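Working notes for the structure below.
Coordinate-derived values only; no laboratory data. Every value quoted in this text rests on a predicted model; they were computed, and no experiment measured them. We place every Cβ from the backbone using ideal geometry, glycine too, and count neighbours over all the protein chains shown.
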Amino acid sequence: MADEQVGFVTMAGERASREAPVIGFGVLGYAFMGKAHSNALKKLPYMMYPPVAIPRLVAIAGRNADAVKEAAKRYGYEKAYTDWRQLIDDPDVHVLDNSGPNNVHREPNIAAAQAGKHVISEKPLGRNAEECYEMWQAAKKAGVKHMVAFNYRFVPAVRLAKELIDAGKLGRIYHFRAVYLQEWIADENFPMVWRLRSDIAGSGALGDLGSHIIDLARFLVGEPKSVMARTTTFIAERVGEGGQREKVTVDDAFTAIVEYENGALGTLEATRFAPGRKNFNSFEINAEHGSIRFNLENMNYLEVHLRDQPREVQGFTQVLVSESYHPFWKHWWPQGHIIGWEHTFVHELWHFLDAIVNNKDVRPYGADFEDGYRNAVICDAILRSAAERRQVDIAY
């Protein structure tokens, strides 16, 4: 990056190290994802060592003045804004980290790109494919780096699965089946929240959870050819803030059958009505030379079966992905000292900073705005298939 865009960290003895540029972050959103991203930005310089860059926590933005000021104090941001436009206009902000609700992705992301800021945005990138296409084109035209925060690409076990597939260890892929199951709104008395409103969220379990497994399918298997799907809303009304009942306008669950361009057949399912399932993001791939299986609730393991093993040891083997030669592990602990969900954001943001500083492509290991757009096309096709009760071909 050009010197005028970023500063450089001063090391001991007043020696400036040009190996670690200081890059200013402006984070939009201070709740769940704002917390996760802030935690990762603070960990990154001393764990992903030597750092590719030093994140500077310049500003955080949100609508509630008291809450955003408290967040700035808690996480260590220099400034707090209640208008995202102020955050983008801040000359010390080089990167917009958009962790806000889905309805505040399009406008800030486009404005940031047009202002020459790099953009990392939470998933889903937009409420529909049209919004995502606009963001992708704006970022592409501006020439800035752009990334969608599909953090499960950065789980060491998932990256190992990707490496096994790319190395041809599994051969031709026959099946990809994935489920993402949670339980948090199964109680009929759970109140109305923004994730249950289509004008804010776009879709329900589909965009919230399904977008993750759709991304993993594209990442690991390839592009889908067609989908046939069903959606449902189990509880039609919820109690809103004022005590009145409000209509739920998104799906509570979906199931889809997917054909892939490479001939593989798959199923995708997501719900927030699975009592006992806390964050059960699981996939299995069956292929010519074996199978692999992953479960986020046991995220340090990858289950592997390879057909060329002796018959005495045939079957799935639990591989603890924690050796120094496994993806990302050189930055962490000795083998067997496991890491957790929050560390995926450290890997993700490190990848984005590496792309910025060293002018690398975000793809193929990260998801850029084009990937976000393609994900949204698939989500839209699933909704259309469910509404029209027919097979829908995928067309980008």
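If the only charges are +1 at each Lys and Arg Cβ and -1 at each Asp and Glu Cβ, what is the size of the charge dipole of the chain around the Cα centre, to the nearest 20 debye? Don't skip to the answer; put the middle values down first.
Working: 46 positive and 51 negative charges, 56 e Å.
Around 260 debye, computed over the chain.
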- prompt: Which of the lysines could a cross-linker bridge to residue 145, judged by Cα under 17 Å and excluding same-chain residues fewer than eight apart?
  reply: 117, 123, 360
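To check you understand DSSP bridge types, tell me what percent of the beta bridges within the chain (both residues inside) are antiparallel, rounded to 5.
Here the antiparallel bridges make up roughly 65 percent for the chain.
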field: Signed unit charges on C-beta, dipole axis of the stretch 117-273, positive-most listed residue 271, 232, 139
entry: 139
- line: From DSSP H assignment alone, runs of 4+ in the chain each adding -39500 (n - 2.57), the sum over residues rounded to the nearest 500 puts [θ] at 222 nm at -9000 deg cm²/dmol
message: Please check: in the Gaussian network model of the chain (C-alpha springs, under 10 Å), which one of 354, 187, 97 has the largest mean-square fluctuation.
response: 187
task: Give me the percent of DSSP beta bridges within the stretch 7-151 that run antiparallel, rounded to the nearest 5.
output: 15
message: Please compute the length gained on full extension between residue 387 and residue 163, using 0.36 nm multiplied by the number of residues separating them and subtracting their Cα-Cα distance.
response: 76.9 nm
field: Simple Cβ-charge dipole of the stretch 7-151, Lys/Arg +1 and Asp/Glu -1, about Cα centre, in debye nearest 20
entry: 280
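For a protection proxy built on the mean count of beta-carbon atoms within 10 angstrom, sort 149-158, 35-44 highest first, please. All intermediate terms of the calculation are to be shown ahead of the outcome.
Values: 149-158: 24.5, 35-44: 20.9.
Going by the mean number of other Cβ atoms within 10 Å, highest first, we get 149-158, 35-44.
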